[in-house]
1. Take Leu88 and decide whether it is part of a helix (DSSP H, G or I), at pLDDT below 95, aliphatic (A, V, I, L, M) and surrounded by 10 or more Cβ atoms within 10 Å (Cβ to Cβ).
2. Out of all the residues in the range 52-72, which are closer than 19 Å to Glu89 by Cα and of a type in the set (Gly, Ala, Ser)?
3. Give me a count of the residues in the range 91-111 that are modelled with pLDDT of 70 or more, part of a helix (DSSP H, G or I) and loosely packed, with under 10 Cβ neighbours inside 10 Å.
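The values are calculated or read from the model by the stated rules, or taken from the named source; none is laboratory data. Here the structure is a predicted model, which is why all the values come from computation and not from measurement. Cβ: placed from backbone, ideal geometry, glycine included. Neighbour counts: every protein chain shown.
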Amino acid sequence: MALRILLPLLLLAAALLLLPAEGVDNVASDCCLKTSKKTIPSALVKSYRIQGPETGCQLRAIVFTTKKEKKICSSLTSLAVQKLIRSLEEKQKNPPKKPQGRSRRQNGKRV
């Protein structure tokens, strides 16, 4: 009789321990807690994303990722940030063209 009552309770406890808690996510643990006011050179930045309540973060911000994989949090309202976002979007639309033909190294060799 005691086993009938104890077994479902043990199964429920095990399920609660094994299942992840709702609202806990890797993205939320990667949230910006404050923003930087420094200007970021566009040559250093490769991408950006927007964080806010829809991504599980309290602070609404732009998160830039540098070419060295560093994250920089910036304010959405900064004019410099908006200009940098437009610049990144323009680069995505029109990626730089690679030179065609022989490389400099090949041109210098004599056969």
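1. Values: part of a helix (DSSP H, G or I): yes; at pLDDT below 95: yes; aliphatic (A, V, I, L, M): yes; surrounded by 10 or more Cβ atoms within 10 Å (Cβ to Cβ): yes.
Yes, satisfied.
2. Result: Ala61, single match.
3. So the count comes out to 2.
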